[in-house]
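One structure is given here, and the rest of the page talks about it.
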Amino acid sequence: MIGKERLSNFELLRMVAMFLVLLVHADFFSLGEPTAEECVTNLVDVIPRLLFWSLSIACVDIFVLISGWFGIKPRVKGICSFLFQCFFWLIGIYIITLFIGISHLSVNGILGCIVATELNWFIKAYLVLYIMSPALNSLVEHSSKKTLCTVLVSFYIFQFIYGWIFPSATRYIWGGYNPLSFMGLYLFARYLKVYGSRFLHYNKITYILLIVGSIIFVSTLYILPSYLGFHTVTLGLIFLNYISPTTLLVAVSFLLLFSKVEIKSKFVNWCGASCFAVFLIHTNPNTLYRYKDFFIELHSNYTTITFWILSFLCMFVVFFLAIIIDQLRLKLWNVLWPILEKKLVSMQFVE
């Protein structure tokens, strides 16, 4: 989107994806998987947890699909901007938490600032996608519709069998927490953009029904076995990851739905330019588990309705706080990039 007018409908979708990240971390990541016993004894609490989890689990897929829809156009400025935003938040939050005493200076803390720990897997996976994007773009540009379709069908058959049905057979693609799954999503979105015009003929209500239907289907599948005497939630649980068919259906439905939304908003564009900061502020190694503990404590102290009202209020605060603070990062970047660009030109990294 650099150098081009931002499309408000997709900027709004990007914001939705980032808010869903907040939601999935406040829900599943914090509260865990509802047990079979909870499904029977505390259904009032379980139902919203499952509905929100079934919805929010599509967050990562949506974000990557947006990249594929437009196609990543690798530029030195683009990758530098992305890395600067990541390090601004990683290092900045670490310094602040050191200063106020909730973090301590350590090797692991420093490694977290350069994304060298097990946390922030998304940043590393997305970087690989960025690196591989020229090859992926070339595949789309120089392949026929039939060839690209064959590649996608073959990939998703393999991923669904070995990454979803039999995840222990290929742990490197389990759950979708990897660059390979990102590349599949990227190619799928490029295919939809270039060859998928027939999928755009449906009206908005169709995509909404697909999203709602998928969410209800997964939630029902999760709860139903408990009422049939089974003491496991495995059947529903397997649908709640990034590579399940229902998650992909929800994510693609969101993409196609928002492609038909007509909106022009400077405010949405302003928020969209900084919404990745929403991810960075709460998944930071120094804040993630405090975020988790906060929602665990909230859940234990309030009724279901009150918990969700307070949770959404808190998530909205985090969302807009991150966007507002990120304006400082943007101002710094606008000052630093011309200086960095001159150095890179002198080193012949950019023309």
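Which of the residues spanning segment 306-323 are over 20 Å from the mean Cα position of the chain (by Cα) and surrounded by 11 or more Cβ atoms within 10 Å (Cβ to Cβ)?
Step one: filter segment 306-323 for residues over 20 Å from the mean Cα position of the chain (by Cα), giving 306-310, 313.
Thr306, Phe307, Trp308, Ile309, Leu310, listed by residue number.
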For Gly236, are the conditions met, namely being in contact with a Lys or Arg (Cβ under 6 Å, 6 or more places away or on another chain) and surrounded by 14 or more Cβ atoms within 10 Å (Cβ to Cβ)? no
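Is it true that some residue in segment 86-93 is under 30 Å from Leu148 (Cα atoms), under 23 Å from the mean Cα position of the chain (by Cα) and buried (at least 18 other Cβ atoms within 10 Å of the Cβ)? Steps first, please.
Within segment 86-93, the subset under 30 Å from Leu148 (Cα atoms) is none.
Within segment 86-93, none of the residues are under 30 Å from Leu148 (Cα atoms), under 23 Å from the mean Cα position of the chain (by Cα) and buried (at least 18 other Cβ atoms within 10 Å of the Cβ).
Is it the case, given these coordinates, that Leu105 is under 25 Å from Ser259 (Cα atoms) and more than 20 Å from the chain's Cα centre (by Cα)? Show your work before the answer.
Numbers: under 25 Å from Ser259 (Cα atoms): no; more than 20 Å from the chain's Cα centre (by Cα): yes.
For Leu105, the condition - under 25 Å from Ser259 (Cα atoms) and more than 20 Å from the chain's Cα centre (by Cα) - is not met.
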Can you give me the number of residues within segment 138-151 that are touching a residue at least 24 places away in the same chain (Cβ under 8 Å) and either exposed (fewer than 15 other Cβ atoms within 10 Å of the Cβ) or closer than 14 Å to Pro245 by Cβ (or both)? 2
Between a residue in segment 110-126 that is closer than 16 Å to Gln85 by Cβ and any residue that is among the basic types (Lys, Arg), which pairs come within a Cβ distance under 7 Å, given they are 6 or more apart or on different chains? Val115/Lys124
Please work out which one of (1) under 23 Å from Ser103 (Cα atoms); (2) surrounded by 12 or more Cβ atoms within 10 Å (Cβ to Cβ) is the condition Glu297 fails and give its number. (2)
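From the list Phe267, Phe312, which one is assigned to a helix (DSSP H, G or I), under 22 Å from Asn9 (Cα atoms) and not aliphatic (A, V, I, L, M)?
Values: Phe312 fails: under 22 Å from Asn9 (Cα atoms).
Exactly one residue qualifies, and that residue is Phe267.
Does segment 236-264 hold any residues that are among the hydroxyl-bearing types (Ser, Thr, Tyr) and assigned to a loop (DSSP other than H, G, I, E, B), and which are they? Give the steps one after another, and end with the answer.
Residues of segment 236-264 that are among the hydroxyl-bearing types (Ser, Thr, Tyr), as a first pass: 242, 244, 246-247, 253, 259.
Result: Tyr242, Ser244.
FYI, it's all coordinate maths here, none of it is from the lab. Nothing here was measured: the structure is a model prediction, and the numbers come from that model. Because the Cβ atoms are built from the backbone with ideal geometry, glycine has one as well, and the counts that use them run over all protein chains shown.
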